[in-house]
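Okay, structure first, notes after.
Bear in mind that the values in this text are calculations on the coordinates, not laboratory data. What you see is a predicted model, and the numbers here were worked out from it, not measured in a lab. Cβ placement follows ideal geometry from the backbone for every residue including glycine, while neighbour counts extend to all protein chains displayed.
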Amino acid sequence: DLPTAEEAYNFFTFNFDPEPQQQPRRKKRHSRRREAEEEGEGESGEEDEEKEEEEGEEEGELEGEDDEDLFIIDQSAQDFLEVKRAEYIGYSRRLQRERETLFVPSMRPVPASSKLPENVRPRYLEEEGLYVGERPPVCLTNQNILENRILKQAEGRKWFGDDGCIIALPDPINESSSRPPLFHLEDELDPALQAVYRKALKTKHVNLYITGMGDPQADYQLDVDASGLIFSHHPLFSREHVLAARLAQLYDQHLTRQHKNLTRLLTDKVTQKCANKTKLPALSQVTQQRIAEYKQEVRHTRQLRDVEQEKDRALLKSIIRVWKELKALRDFQRFTNTPFKLFIRREKVDREQDEQEFENDIIAEVSELEAEAEEDYQRKMSEYRRQHEEWKSWKRKQKKQKKKRQQEEEEEDEESEEELGEEPEKPEPPEKPDMGDLEEQVREKAARIHRKPGEPVLIPELTVSGPVTPNEQCPRAEFARREDVAKRALFIKVLYNDKEVSRTDSRTLNMDFRVHFGQIFNLKIVNWPESIKLQVFESVGSSSSLLAEVCVPVPESSILTGSAPFEEMEFSSNQRVTFNHEGVGSGVPFSFEADGTNTQTLLTSGKLSWKLSCCVSWAVGEDDVPLAPPSSQPGGGMYSGLRQMDAIACIGASGLNDMKKLGKWAAESRLDPNDPSNASIMQLLSVVSGGDVAVPEYFRLEQLQEEFNFLTDEELHRCRRFRLLRLRSQEVPEFRHFKCVPSMEREISEKVFQDYEKRLKEGEIIDTKEHIDAHRALVAKYLQRVRESVINRFLIAKHHFILSDVVSEDEVPSIGLLGWNLFKLAEPKRPLKPRRKERKKVTAQNLSDGDIKLLVNIIRGYDIPIRRPYASKPPVSAKSGRSFAEPFTAPVSSHTPQQGSEWPFGQPLIRPFVEVSFQRSVLQTSTADGPNPCWNEEIVLPFSAPNGDYSSTSLQSVRDEVFINIFDEVLYDVVEDERERGNTIHTRIERHWLGSIKIPFSTIYLQSRIDGTFKVSTPPVLLGYSKERSLGSEGGYDAVRSRSEGTFLSLFITIEPQLVPGDTIREKFDSQEGERLLIASEVFEKEASGRFPDRPCLTTVIDINGKAVFVTRFIRPLTPPQELLDAFPNGPQETAELVARYVSLVPFLPDSVSFAGVCDLWSTCDQFLTLLAGDEEEHAVLLCNYFLSMGKGAWLIIGVAIPEVSDKPLSQSHINKTEGGKSQISVGEIMETHQWKSFEMDVKTLYFCMEPISGFPLHLPFSEIRPIIEAVHSTGVHKVEAPNVEFALAVYVHPYPGNVLSVWVYIASLVSAR
Amino acid sequence: MTSNNPAVFLLMVNGQIEAADFPEYDDLYCKYCFVYGHDWAPTSGLEEGISQITSKGRGSQSLVWNFPLDITFKSTNPFGWPQIVVSVYGPDTFGNDVVRGYGAIHIPFTPGKHTKTIPMFVPESTSRLQKFTSWLMGRCPEFTDPKVVAQGEGREVTRVRSQGFVTLQFNIVTKDMKKLGYETTSEHSASVFKSLS
């Protein structure tokens, strides 16, 4: 690597210090070398030269140091380069140098003294008689060199043995080559050595891994406890042993029988059954049968008992016999081999009682037998009688035939005789059973099998306390046998799945032929246990032979180490073994008698006692989890025999859980309830049947649900508190904001639910009172239902959130926004005409009643109708008779002449004021003057939300409307006395309704402010008022409104504080439109809104079923009702106007109110005409469709208007382009208003003497009566309080096709002129 | 008030917003408010509060407010058990106040002293660009209403990032809960409590 520039610089500028380390190191080297030389013991002897060398070197180094100094002084390239001639070192000199550094061991033999420690003589092991291996041959010179070299090393002496030679292993090379001979590849291989291909086989245990390979933790352990071995026969048994073994065996049998005590049990059973039988009343068929059954059973048990008794007795007898034989044998051979001793205990019995029992028993049996015999006899008798009858009838027939035959000829064949068939044997009457004989039989049997009454009970007892004759006193043959026994040893091999896994220690055979092992083998198993075998081996000396093989059943998984009982297994082998001593051998005949008779053959056999348990020692057995391998494996064949008897084996262990099955099995197998071995099962069954667990025949989920229900559902439904809580969580409107549900049910009164239940009921019953006709009632109901379903949908949709609902995040600013922000910097700080600024929005969270106020700023009005002068009277001047009736304008008297001067006719002025009513609070402005008044007043109205809920959804659904009414304030002078006029003012104020504006609160809420000039809806005719155009008085403003007629009002309405308007629903309604269409419309919508962000753009709307529908599907040419078309056959313009009027007469029902804040629903024209209610969209769509069918080009324009928040569609035919909806009224109005002319005339003629008259017609499309009443009410006509006021009312309903009605209400108030 | 048949039970909470652990931020303040069900009503105390601005001490990582809470609720129904919602704000690099974490926890049920640590989180920006611009403009995404974090509804549309921890300490006293059949302490702890007192 090239050094970097910096390194190079450092190197060159570095001031090298002389190295101080150099010197000491050198000295060390010197000393080391010196030591080496001393060790070399004068081998070198060239010290002088060495010293010279060193000096030379040092000089060289000094020179080097000088050179380094030079570097610093002068750093030219030449300084680094040194040109020298090539150095040559002479041969001898080089040798010298090499000698310094290199050591060459000499080839001369090393003296023995240097190889051995001081004063030690070499010791030759060979001479001492020890074997010393042959040393490997090594060349002597090499050996010398090696020795020399080793001696130079540190601790070199340890390499030398006692004999002064280098320690060496014996020659490792084999004398003969043991490498196998190489085959020549060309040679044919021995065919026996040829490789044979075999397919790979899987061992059959591969699939038997217990838990698969997935669970290495689950190690199963099988504990095999081989405890011991008892021979029941062994080849080395002496005769005495044979007998003793037999005795022991018999005694064991006796003990087990004793333990079971079958005889006693059966006896008890018999007595009990007899008792039962007698107890049963022999009445019914069933009991008869039962008795018969009992009899059968009794007989059967008695037989069993007899057999058992006989066996017992036989056993006892044979025990005694064997014991006698044994004693005889011991006497005969004069020594004892076995310690067995039999004692027979006599138990005295009460003779009297015993006899009594015996007799009773016999009598019972005899009587039973008699009864049986009797029965048998009876049956036989009846049989006999039947047969006898048959025989008799046959006889009779024969006799008849014989007579016939005698009458006929004698030559009749025998065949005729044959015809009758063979002669039935004459039945013999059955013998009457001999009762005495029966008793004899019974007694004889009893004597055979039963202990004689009064005879003592014999109880044998076997002990092993007897002395065994010691070896010395035995004869030679016996001694040999005993010797042989002592030689024998036994051990057991444990085979698991045919593989030996372990074996016990070998134990010597004892005199008593019992071997105790007591060893436990813990087998960790991986494979499924298939077989476990124990092999018994007997070894004599070093050879061992297999005595027997015992297969051990694989234990059930429920058997654990601690609980497993010792089990005994018998084995035997059929080896023939003979001995020449006392041993009896095996498989060979032998006899006990001296003469060789009575030969017997015995096979080696014995009992192997073992305990095998499957214990699971997981985690060193700390937790006693019995995780034996799963016991699903089919059991081995050795159980198959057992199965039939064992209940558990029969129905399976799992069947134990199924009590029904168990019960069935018990009934089928006639399980003896008195058998103690059945006691547990019987008890279980009784418990189960007592508990009467009815297992359902069906399956169900959550079968324990009922147990966990702490109340029934009905109770839960009845509980008022739960009901309240449930309704609240369902967001039922009445309870949605119910606060503090009481904690106790008693605190909830039924009243809480009254409203709700009423509403539910109303939903079902149509309230016909409120509706004129059934149709409208139906429509109202339908509408209600639609509303409910939509609201439900809305409630669901309300719980769907999108990100912007939860997280408020700024939009990524666009260039336009940035530009706007820049532009804002440039705008004037204090503009001359300030604009209303956006206020900070308040989230509606902690508002309460009174916090929210509605601000209504009434700025000014335009073109308010003015009072009309009374036709008959001159206005102010003629006050002769009715001075009180003259309109009094006192406060503005100064103003009056002015106005009066402007209007040449001296018409009275108008003094309008505005009254705003909202939520039961009514406020009004001050009174202004003239038809174009300017109030500029702010009215503050309190607002309270329904149920005190100020959430946005609740606010959206507020249905209240702001009514803005314009009234004319009329003052009447009511001073009665002319004289008081000078100092008293007594006037009456009357107000005459001129017009109104309705603005729904939801509009204000959603728009957050309403600012503009609105048309006041005025009645077409206002009695006493006239619409006068203020010609040119207002200049510029008129130009705007020149074409529009009517009164206008400038308003600004807002809510303080500003509320965040609730967001409209944007749930994606499912649609039946094609996917492509939807995507395309979405694209279009996005594009359009991108270009005109202020304009609404609709592509899909929601129809009344809640499905999104493409908007143009609503527009289809639709023929208007024929009546309308026929009205003006020649005037298409008039027809168009009539159609428009018709459409406008369908009542309006704004969606935003009915489906509060939910969404805009569009109904089809058909639905619209059926419902007879709808909002602007429906009207516009219908009109558009009518126009289309009339052949006019028509478009639907969707815009935004103030009174109804949502999009306001305007239907414009291009013929009638100038005006939207409202102006089309004209034609129809003309038709209808002529009615009003006449009404007016009537009123006038009737009350022509009355002055003044004020009145107006109200025109409404008909939907319900209530809105009409409200409309009339809101005009405040009734508020006239003149003492002699009279009212006039007329109603006219004009019918249109399709149930559309136009309602006119004419109200007038007149003050009577006396 | 000591009637045998009370209609409401009372839950008195006092304690404090002790400290916060926001490894990356400093100069933070917090707001808290309570969210509770329809059957709950605060009877006394402050329902909302805003703390002082606190800075980290020298060498210490935690921001200590020790801002006291003291409020008593009455209720008829344990449903809608009150939760405290804590939101932490602090200035970003440009000095704009941005949210540093929202967290909520139920007021403990059992009487006694409890110290709770709430993990705090903030909503994530919807995109990288948004993230950058919001950082630039100092207008991090916020929940429209901090009470959102006490509700399960609508949370599935948000993505949030963990920010830090706030430690609160509550001392709870309840009244008449047992009389209304609500057991909030186990028998064992009740007996311990009795033996202590």
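A Förster distance of 41 Å, applied to the separation of the beta-carbon atoms of A:Met744 and A:Asn1299, puts the FRET efficiency at 0.15.
Going from the fewest other Cβ atoms within 10 Å to the most, the residues B:Phe22, A:Phe12 appear in the order A:Phe12, B:Phe22.
Between A:Leu523 and A:Leu222, A:Asp223, A:Val224, the built amide H atoms are under 5 Å apart, and every one of these is 5 or more places off in sequence or on another chain.
With respect to chain B, whose longest principal axis is taken over its alpha-carbon atoms, helix B:187-196 is tilted by about 80°. When each of A:Tyr1186, A:Tyr1306, A:Tyr131 is scored by the number of other beta-carbon atoms lying within 10 Å, the sequence from fewest to most is A:Tyr131, A:Tyr1306, A:Tyr1186. For A:His986, the residues whose amide H sits under 5 Å from its own are A:Val974, A:Val975, ignoring neighbours fewer than 5 places away on the same chain, with H placed 1.01 Å from N. Under 5 Å from the amide H of A:Trp993 lie the amide H atoms of A:Asp968, each residue being 5 or more positions distant or on a separate chain, with H modelled from the backbone and absent for Pro and chain starts.
Assuming R0 = 35 Å, can you tell me the calculated FRET efficiency for the pair A:Glu7 and A:Ile167, based on Cβ-Cβ distance, to the nearest 0.05? The pair A:Glu7/A:Ile167 has a calculated efficiency of 0.05.
Residue by residue through B:148-157, how many Cβ atoms from other chains fall within 10 Å of the Cβ on average?
3
As a calculated quantity, the FRET efficiency between A:Arg396 and A:Ser572 at R0 = 56 Å, using C-beta atoms, amounts to about 0.15. In a fully extended conformation the segment linking A:Arg346 and A:Ser542 would gain 65.4 nm over its present Cα-Cα distance, using 0.36 nm per residue. Between A:Ala112 and A:Gln1133, the simple spin-label model (points 7 angstrom out along Cα→Cβ) gives 16.1 nm. Among A:Asp968, A:Asp755, the order by Cβ neighbours within 10 angstrom, fewest to most, reads A:Asp755, A:Asp968. Taking one quarter of the surface of the C-alpha convex hull of chain B gives a mean projected area of 13.5 nm². Summarising the label geometry, the points placed 7 Å from Cα in the beta-carbon direction at A:Gln919 and A:Gln258 lie 10.6 nm from one another.
Label-to-label distance, B:Phe94 versus A:Ser808, with points set 7 angstrom from Cα along the beta-carbon direction: 1.8 nm. By how many degrees, 0 to 90 and rounded to 10, does the Cα axis of helix B:128-137 deviate from the longest principal axis of chain B? Here the helix axis deviates by roughly 90 degrees.
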